[in-house]
1. Sort out which residues of the range 200-219 are touching a residue at least 40 places away in the same chain (Cβ under 8 Å) and surrounded by fewer than 20 Cβ atoms within 10 Å (Cβ to Cβ), and write them in order of number.
2. Considering only the range 169-182, state which residues are buried (at least 18 other Cβ atoms within 10 Å of the Cβ) and farther than 13 Å from residue 207 by Cα.
3. Name the one entry in 265, 275, 253, 243 that is of a type in the set (A, V, I, L, M), surrounded by fewer than 20 Cβ atoms within 10 Å (Cβ to Cβ), at pLDDT 95 or above and touching a strand residue (DSSP E or B) at 6+ places or on another chain (Cβ under 8 Å).
4. Is it the case that some residue within the range 47-58 is under 24 Å from the mean Cα position of the chain (by Cα), more than 27 Å from residue 281 (Cβ to Cβ) and at pLDDT 95 or above?
5. It is to be established whether one or more residues within the range 271-290 are out of contact with any Asp or Glu (no Cβ under 6 Å at 6 or more places or on another chain), closer than 22 Å to residue 353 by Cα, of a type in the set (S, T, N, Q) and in a strand (DSSP E or B).
6. Give the range 345-368 a look and list any residue that's within 20 Å of the chain's Cα centre (by Cα) and outside any loop (DSSP other than H, G, I, E, B), or say none.
7. What's the number of the only condition in (1) among the hydrophobic types (A, V, I, L, M, F, W, C); (2) assigned to a loop (DSSP other than H, G, I, E, B); (3) at pLDDT 95 or above that residue 112 fails to meet?
8. Quick check, is residue 156 of a type outside the set (Asp, Glu) and without any contact (Cβ under 8 Å) to a residue 12 or more places away in the chain?
Amino acid sequence: MLGPLRRHPLATGGLLLGAVVAAGTLADSRLDPVGWHPPDPPAMTGALEPDHALADADRVLTADGPEDTAFDAEGRCYTGADDGVVYRTVEPVDGRTDCPLEPFARVGGRPLGLVFDDGIDEGAEGSDLIVAAEDAGLVRVSPDGNVETLTDSAAGQHTQFADDLYVHDGVVYVTDATVHEIFQDELFELQDTGRLLGYDLETGETTVELTGLGFANGVAPGPDGESLLVNETSRYRIRRYWVEGDRAGEDEVFVDNLPGYPDNVDVASEGGYWVAIPSMRDESLEALQRRPWVKRQLGKLPEAVLQQVSGDPYGLVLRVDESGEVVDSLHDPAGGVFGVTSATEYDGALYLGSLFNDYVYRKELDGE
(Lines give C-alpha, C1' and ligand atoms only; values in the text may rest on other atoms or scores of the structure.)
Protein backbone atom coordinates (compact mmCIF):
# COMPACT_ATOMS: atom_id res chain seq x y z
CA MET A 1 0.00 0.00 0.00
CA LEU A 2 1.52 3.26 -1.11
CA GLY A 3 -0.18 6.48 -2.03
CA PRO A 4 0.38 8.44 -5.19
CA LEU A 5 3.24 10.81 -4.49
CA ARG A 6 1.49 14.01 -5.52
CA ARG A 7 3.92 16.91 -5.78
CA HIS A 8 3.73 19.14 -2.75
CA PRO A 9 5.73 22.19 -1.59
CA LEU A 10 7.17 20.12 1.25
CA ALA A 11 9.12 17.98 -1.20
CA THR A 12 12.90 18.52 -1.07
CA GLY A 13 13.27 22.16 -0.07
CA GLY A 14 10.52 22.05 2.53
CA LEU A 15 11.77 18.78 3.93
CA LEU A 16 15.34 20.03 4.19
CA LEU A 17 14.16 23.19 5.95
CA GLY A 18 12.05 21.09 8.28
CA ALA A 19 15.05 18.89 9.01
CA VAL A 20 17.17 21.90 9.92
CA VAL A 21 14.50 23.12 12.31
CA ALA A 22 14.11 19.65 13.78
CA ALA A 23 17.85 19.34 14.32
CA GLY A 24 17.67 22.18 16.82
CA THR A 25 15.04 20.48 18.96
CA LEU A 26 15.50 18.06 21.83
CA ALA A 27 12.95 15.64 20.42
CA ASP A 28 14.03 12.08 19.81
CA SER A 29 13.78 10.84 16.26
CA ARG A 30 11.42 7.96 15.61
CA LEU A 31 13.61 7.04 12.61
CA ASP A 32 16.91 5.17 12.53
CA PRO A 33 17.62 5.62 8.83
CA VAL A 34 20.29 4.19 6.58
CA GLY A 35 21.71 5.78 3.44
CA TRP A 36 20.95 4.38 0.00
CA HIS A 37 21.94 5.33 -3.52
CA PRO A 38 19.01 4.12 -5.63
CA PRO A 39 19.87 2.98 -9.15
CA ASP A 40 19.00 5.31 -11.98
CA PRO A 41 15.39 4.63 -13.03
CA PRO A 42 14.86 2.80 -16.31
CA ALA A 43 14.17 4.78 -19.46
CA MET A 44 10.47 5.03 -20.27
CA THR A 45 10.94 3.46 -23.69
CA GLY A 46 10.13 0.11 -25.30
CA ALA A 47 7.77 -1.85 -23.06
CA LEU A 48 7.60 1.18 -20.74
CA GLU A 49 6.68 3.69 -23.45
CA PRO A 50 3.86 5.88 -22.08
CA ASP A 51 0.41 5.55 -23.66
CA HIS A 52 -3.13 6.40 -22.61
CA ALA A 53 -4.45 2.86 -22.24
CA LEU A 54 -5.96 3.45 -18.78
CA ALA A 55 -7.62 6.75 -19.66
CA ASP A 56 -10.77 5.04 -20.97
CA ALA A 57 -11.23 2.74 -17.96
CA ASP A 58 -14.81 2.49 -16.65
CA ARG A 59 -15.73 3.42 -13.07
CA VAL A 60 -17.17 0.27 -11.46
CA LEU A 61 -17.85 1.35 -7.88
CA THR A 62 -17.22 4.11 -5.38
CA ALA A 63 -15.66 3.50 -1.95
CA ASP A 64 -13.21 5.28 0.33
CA GLY A 65 -9.83 3.85 -0.66
CA PRO A 66 -10.64 0.46 -2.26
CA GLU A 67 -7.14 -1.08 -2.11
CA ASP A 68 -7.91 -4.54 -3.53
CA THR A 69 -10.72 -6.54 -5.15
CA ALA A 70 -11.97 -10.12 -5.15
CA PHE A 71 -14.92 -11.80 -6.87
CA ASP A 72 -17.31 -14.50 -5.70
CA ALA A 73 -18.97 -17.26 -7.73
CA GLU A 74 -21.90 -14.97 -8.54
CA GLY A 75 -19.61 -12.31 -9.99
CA ARG A 76 -20.01 -9.79 -7.19
CA CYS A 77 -16.99 -7.58 -6.50
CA TYR A 78 -15.66 -7.28 -2.94
CA THR A 79 -13.43 -4.45 -1.73
CA GLY A 80 -12.36 -2.77 1.51
CA ALA A 81 -12.66 0.84 2.64
CA ASP A 82 -11.07 3.24 5.08
CA ASP A 83 -13.89 2.72 7.60
CA GLY A 84 -12.78 -0.89 8.22
CA VAL A 85 -15.68 -2.43 6.30
CA VAL A 86 -15.54 -4.94 3.45
CA TYR A 87 -18.19 -4.00 0.88
CA ARG A 88 -19.53 -5.92 -2.09
CA THR A 89 -21.58 -5.00 -5.12
CA VAL A 90 -25.27 -5.79 -4.72
CA GLU A 91 -25.31 -7.46 -8.12
CA PRO A 92 -22.66 -9.12 -10.29
CA VAL A 93 -20.44 -6.52 -11.96
CA ASP A 94 -21.00 -8.09 -15.42
CA GLY A 95 -19.85 -5.01 -17.34
CA ARG A 96 -21.85 -2.61 -15.14
CA THR A 97 -20.65 0.80 -14.03
CA ASP A 98 -21.36 2.75 -10.83
CA CYS A 99 -22.51 -0.42 -9.08
CA PRO A 100 -24.32 0.05 -5.74
CA LEU A 101 -22.61 -1.50 -2.71
CA GLU A 102 -23.72 -3.21 0.46
CA PRO A 103 -21.66 -3.76 3.64
CA PHE A 104 -20.46 -7.34 4.01
CA ALA A 105 -18.36 -7.34 7.19
CA ARG A 106 -16.49 -5.03 9.57
CA VAL A 107 -13.08 -6.62 10.14
CA GLY A 108 -11.48 -4.50 12.88
CA GLY A 109 -8.98 -2.65 10.70
CA ARG A 110 -8.64 -1.21 7.22
CA PRO A 111 -8.97 -4.09 4.70
CA LEU A 112 -5.95 -4.14 2.39
CA GLY A 113 -5.85 -7.61 0.77
CA LEU A 114 -8.76 -9.92 -0.09
CA VAL A 115 -8.84 -13.54 -1.30
CA PHE A 116 -11.23 -16.46 -0.98
CA ASP A 117 -9.93 -19.49 0.90
CA ASP A 118 -10.14 -21.76 -2.13
CA GLY A 119 -6.99 -19.97 -3.21
CA ILE A 120 -8.36 -18.11 -6.21
CA ASP A 121 -10.04 -14.75 -6.64
CA GLU A 122 -13.35 -16.26 -7.74
CA GLY A 123 -14.69 -17.74 -4.52
CA ALA A 124 -16.73 -20.90 -4.97
CA GLU A 125 -20.12 -21.00 -3.29
CA GLY A 126 -19.64 -21.35 0.46
CA SER A 127 -16.03 -20.10 0.42
CA ASP A 128 -14.79 -17.91 3.24
CA LEU A 129 -13.21 -14.57 2.43
CA ILE A 130 -9.81 -14.05 4.03
CA VAL A 131 -8.76 -10.46 4.63
CA ALA A 132 -5.42 -8.85 5.45
CA ALA A 133 -6.29 -5.78 7.49
CA GLU A 134 -4.13 -2.99 8.84
CA ASP A 135 -3.64 -3.47 12.60
CA ALA A 136 -6.18 -6.31 12.77
CA GLY A 137 -4.00 -8.96 11.12
CA LEU A 138 -5.42 -11.90 9.21
CA VAL A 139 -9.21 -12.22 9.40
CA ARG A 140 -11.66 -14.80 8.02
CA VAL A 141 -15.20 -13.86 7.03
CA SER A 142 -17.83 -16.55 6.52
CA PRO A 143 -20.39 -16.31 3.68
CA ASP A 144 -22.94 -14.89 6.14
CA GLY A 145 -20.53 -12.17 7.32
CA ASN A 146 -19.27 -13.61 10.61
CA VAL A 147 -15.73 -12.42 11.39
CA GLU A 148 -12.96 -14.48 13.00
CA THR A 149 -9.41 -13.32 13.69
CA LEU A 150 -6.96 -15.99 12.52
CA THR A 151 -3.72 -14.36 13.63
CA ASP A 152 -2.47 -10.90 14.52
CA SER A 153 1.13 -11.64 15.53
CA ALA A 154 4.12 -13.82 14.73
CA ALA A 155 7.29 -14.49 16.72
CA GLY A 156 6.07 -12.10 19.41
CA GLN A 157 5.64 -9.18 16.97
CA HIS A 158 2.28 -7.63 16.17
CA THR A 159 1.33 -7.60 12.47
CA GLN A 160 1.11 -3.84 12.13
CA PHE A 161 0.44 -3.84 8.38
CA ALA A 162 -1.04 -7.11 7.17
CA ASP A 163 -1.08 -6.09 3.53
CA ASP A 164 -1.67 -8.77 0.90
CA LEU A 165 -2.18 -12.53 0.90
CA TYR A 166 -2.17 -15.70 -1.17
CA VAL A 167 -3.46 -19.19 -0.26
CA HIS A 168 -1.31 -22.18 -1.26
CA ASP A 169 -1.70 -25.79 -0.11
CA GLY A 170 -3.63 -24.90 3.05
CA VAL A 171 -1.32 -22.05 4.06
CA VAL A 172 -2.20 -18.37 3.87
CA TYR A 173 0.91 -16.39 3.00
CA VAL A 174 0.51 -12.80 4.12
CA THR A 175 2.85 -9.82 3.96
CA ASP A 176 3.46 -7.75 7.09
CA ALA A 177 4.67 -4.58 5.41
CA THR A 178 6.41 -2.62 8.17
CA VAL A 179 6.70 -2.10 11.92
CA HIS A 180 5.86 1.60 11.43
CA GLU A 181 2.42 3.08 11.87
CA ILE A 182 2.75 5.25 8.75
CA PHE A 183 4.27 3.86 5.59
CA GLN A 184 6.32 7.00 4.87
CA ASP A 185 8.52 6.23 7.89
CA GLU A 186 9.50 2.91 6.32
CA LEU A 187 10.26 4.58 2.99
CA PHE A 188 12.62 7.10 4.59
CA GLU A 189 14.19 4.86 7.22
CA LEU A 190 14.87 1.92 4.84
CA GLN A 191 15.57 -0.57 7.61
CA ASP A 192 13.60 -3.20 5.64
CA THR A 193 11.33 -4.29 8.49
CA GLY A 194 8.81 -6.12 6.29
CA ARG A 195 8.06 -9.83 6.72
CA LEU A 196 6.36 -12.67 4.89
CA LEU A 197 4.26 -14.80 7.24
CA GLY A 198 2.57 -18.16 6.80
CA TYR A 199 -0.66 -19.14 8.56
CA ASP A 200 -1.58 -22.84 8.48
CA LEU A 201 -5.36 -23.10 8.14
CA GLU A 202 -5.39 -26.58 9.69
CA THR A 203 -3.06 -26.18 12.68
CA GLY A 204 -3.53 -22.44 13.32
CA GLU A 205 0.25 -21.98 13.50
CA THR A 206 1.80 -18.74 12.24
CA THR A 207 5.38 -18.89 10.99
CA VAL A 208 7.81 -16.20 9.86
CA GLU A 209 8.88 -17.22 6.37
CA LEU A 210 11.04 -14.30 5.30
CA THR A 211 12.36 -11.13 6.95
CA GLY A 212 14.34 -8.09 5.87
CA LEU A 213 11.88 -7.00 3.20
CA GLY A 214 11.63 -3.36 2.09
CA PHE A 215 7.94 -2.66 2.77
CA ALA A 216 6.60 -6.16 2.00
CA ASN A 217 3.54 -5.64 -0.15
CA GLY A 218 1.85 -7.75 -2.84
CA VAL A 219 2.24 -11.55 -2.90
CA ALA A 220 1.44 -14.00 -5.71
CA PRO A 221 2.39 -17.52 -6.85
CA GLY A 222 5.75 -17.82 -8.57
CA PRO A 223 6.11 -19.19 -12.11
CA ASP A 224 7.15 -22.69 -11.01
CA GLY A 225 4.43 -23.58 -8.48
CA GLU A 226 7.07 -23.88 -5.75
CA SER A 227 7.78 -20.21 -5.05
CA LEU A 228 6.07 -16.93 -4.26
CA LEU A 229 6.63 -13.40 -5.51
CA VAL A 230 6.68 -10.59 -2.95
CA ASN A 231 6.80 -6.89 -3.83
CA GLU A 232 9.32 -4.73 -1.96
CA THR A 233 7.78 -1.31 -2.40
CA SER A 234 10.56 0.83 -0.89
CA ARG A 235 13.26 -0.90 -2.98
CA TYR A 236 11.44 -0.77 -6.37
CA ARG A 237 11.65 -4.54 -6.82
CA ILE A 238 9.98 -7.93 -6.56
CA ARG A 239 11.57 -10.79 -4.64
CA ARG A 240 11.08 -14.51 -5.23
CA TYR A 241 10.87 -16.93 -2.28
CA TRP A 242 10.71 -20.72 -2.52
CA VAL A 243 8.24 -22.41 -0.16
CA GLU A 244 8.84 -25.98 -1.34
CA GLY A 245 11.06 -28.07 -3.58
CA ASP A 246 14.85 -28.27 -3.67
CA ARG A 247 15.23 -24.53 -3.06
CA ALA A 248 12.75 -24.26 -0.18
CA GLY A 249 13.71 -21.36 2.11
CA GLU A 250 15.83 -19.60 -0.51
CA ASP A 251 15.07 -16.20 -1.99
CA GLU A 252 16.39 -13.94 -4.75
CA VAL A 253 15.48 -10.79 -6.64
CA PHE A 254 12.96 -11.55 -9.41
CA VAL A 255 12.73 -8.08 -10.99
CA ASP A 256 14.69 -5.00 -10.00
CA ASN A 257 14.78 -1.25 -10.61
CA LEU A 258 11.14 -0.69 -11.49
CA PRO A 259 10.07 2.79 -12.65
CA GLY A 260 7.84 3.32 -9.63
CA TYR A 261 6.82 1.91 -6.27
CA PRO A 262 5.29 -1.57 -6.82
CA ASP A 263 2.22 -2.40 -4.77
CA ASN A 264 0.21 -5.56 -5.50
CA VAL A 265 1.14 -8.28 -7.98
CA ASP A 266 -1.45 -10.54 -9.63
CA VAL A 267 -1.34 -13.39 -12.12
CA ALA A 268 -2.07 -12.52 -15.76
CA SER A 269 -4.22 -15.03 -17.67
CA GLU A 270 -1.93 -15.00 -20.70
CA GLY A 271 1.17 -15.62 -18.61
CA GLY A 272 3.26 -13.52 -16.29
CA TYR A 273 1.97 -10.93 -13.86
CA TRP A 274 0.21 -7.59 -13.51
CA VAL A 275 2.09 -5.20 -11.22
CA ALA A 276 0.29 -2.13 -9.88
CA ILE A 277 2.41 1.03 -9.64
CA PRO A 278 0.62 3.64 -7.49
CA SER A 279 3.37 6.24 -7.74
CA MET A 280 6.34 6.99 -9.96
CA ARG A 281 9.77 7.47 -8.49
CA ASP A 282 10.65 11.03 -7.47
CA GLU A 283 14.17 12.34 -8.11
CA SER A 284 14.06 14.88 -5.29
CA LEU A 285 12.94 12.32 -2.73
CA GLU A 286 15.54 9.83 -3.92
CA ALA A 287 18.20 12.46 -3.31
CA LEU A 288 17.24 12.44 0.37
CA GLN A 289 17.97 8.71 0.58
CA ARG A 290 21.70 9.51 0.36
CA ARG A 291 21.47 11.66 3.50
CA PRO A 292 20.68 9.55 6.57
CA TRP A 293 21.45 12.46 8.92
CA VAL A 294 18.76 14.57 7.23
CA LYS A 295 16.31 11.69 7.35
CA ARG A 296 16.97 11.25 11.06
CA GLN A 297 15.94 14.87 11.65
CA LEU A 298 12.75 14.26 9.68
CA GLY A 299 11.85 11.64 12.27
CA LYS A 300 11.57 14.45 14.82
CA LEU A 301 8.81 16.13 12.84
CA PRO A 302 5.12 15.28 13.33
CA GLU A 303 3.97 12.29 11.32
CA ALA A 304 1.56 14.53 9.43
CA VAL A 305 4.50 16.34 7.83
CA LEU A 306 5.85 13.27 6.05
CA GLN A 307 2.34 12.17 5.18
CA GLN A 308 2.04 15.30 3.01
CA VAL A 309 5.11 14.52 0.88
CA SER A 310 3.88 13.75 -2.59
CA GLY A 311 4.45 13.96 -6.34
CA ASP A 312 2.43 14.09 -9.54
CA PRO A 313 -0.51 11.68 -9.96
CA TYR A 314 0.09 9.06 -12.65
CA GLY A 315 -1.68 5.87 -13.67
CA LEU A 316 0.51 2.82 -14.36
CA VAL A 317 0.19 -0.97 -14.48
CA LEU A 318 3.04 -3.18 -15.70
CA ARG A 319 2.98 -6.67 -17.16
CA VAL A 320 6.00 -8.75 -16.24
CA ASP A 321 6.78 -12.13 -17.80
CA GLU A 322 7.78 -15.30 -15.97
CA SER A 323 11.46 -14.43 -16.26
CA GLY A 324 11.02 -11.05 -14.57
CA GLU A 325 11.14 -8.84 -17.68
CA VAL A 326 8.70 -5.98 -18.15
CA VAL A 327 6.92 -6.78 -21.42
CA ASP A 328 4.05 -4.28 -21.47
CA SER A 329 2.64 -1.30 -19.60
CA LEU A 330 -0.67 0.54 -19.37
CA HIS A 331 -0.57 4.26 -18.56
CA ASP A 332 -2.63 7.32 -17.79
CA PRO A 333 -0.08 10.17 -17.76
CA ALA A 334 -2.83 12.73 -17.11
CA GLY A 335 -3.66 11.02 -13.82
CA GLY A 336 -7.39 10.60 -14.37
CA VAL A 337 -6.84 7.02 -13.24
CA PHE A 338 -4.06 7.29 -10.64
CA GLY A 339 -2.62 5.62 -7.58
CA VAL A 340 -3.35 2.08 -8.79
CA THR A 341 -2.63 -0.33 -5.92
CA SER A 342 -4.08 -3.53 -7.41
CA ALA A 343 -4.75 -4.89 -10.89
CA THR A 344 -6.92 -8.00 -10.61
CA GLU A 345 -7.83 -9.80 -13.81
CA TYR A 346 -11.41 -11.07 -13.95
CA ASP A 347 -13.64 -12.03 -16.88
CA GLY A 348 -11.46 -10.45 -19.54
CA ALA A 349 -10.79 -7.18 -17.75
CA LEU A 350 -8.45 -5.62 -15.21
CA TYR A 351 -10.10 -4.28 -12.07
CA LEU A 352 -7.99 -1.46 -10.68
CA GLY A 353 -8.13 -0.75 -6.96
CA SER A 354 -6.58 2.22 -5.21
CA LEU A 355 -5.95 2.95 -1.57
CA PHE A 356 -5.84 6.66 -2.28
CA ASN A 357 -8.78 7.44 -4.50
CA ASP A 358 -12.46 6.62 -4.26
CA TYR A 359 -13.02 4.28 -7.20
CA VAL A 360 -12.45 0.83 -8.61
CA TYR A 361 -11.94 1.05 -12.37
CA ARG A 362 -12.28 -1.62 -15.05
CA LYS A 363 -9.98 -1.77 -18.06
CA GLU A 364 -11.14 -4.18 -20.77
CA LEU A 365 -8.26 -6.29 -22.07
CA ASP A 366 -9.72 -7.20 -25.49
CA GLY A 367 -7.23 -6.15 -28.14
CA GLU A 368 -4.40 -5.51 -25.63
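The values are calculated or read from the model by the stated rules, or taken from the named source; none is laboratory data. All figures in this text were calculated on a predicted structure; none of them were measured in a lab. Because the Cβ atoms are built from the backbone with ideal geometry, glycine has one as well, and the counts that use them run over all protein chains shown.
1. Correct list: 201, 204, 207, 208.
2. Selection gives 177, 178, 180.
3. Of the residues listed, the single one that is of a type in the set (A, V, I, L, M), surrounded by fewer than 20 Cβ atoms within 10 Å (Cβ to Cβ), at pLDDT 95 or above and touching a strand residue (DSSP E or B) at 6+ places or on another chain (Cβ under 8 Å) is 253.
4. Checked against the condition, which is being under 24 Å from the mean Cα position of the chain (by Cα), more than 27 Å from residue 281 (Cβ to Cβ) and at pLDDT 95 or above, the range 47-58 yields at least one hit.
5. yes
6. 345, 346, 349, 350, 351, 352, 353, 359, 360, 361, 362, 363
7. (2)
8. Considered against the rule, which asks whether it is of a type outside the set (Asp, Glu) and without any contact (Cβ under 8 Å) to a residue 12 or more places away in the chain, residue 156 comes out as yes.
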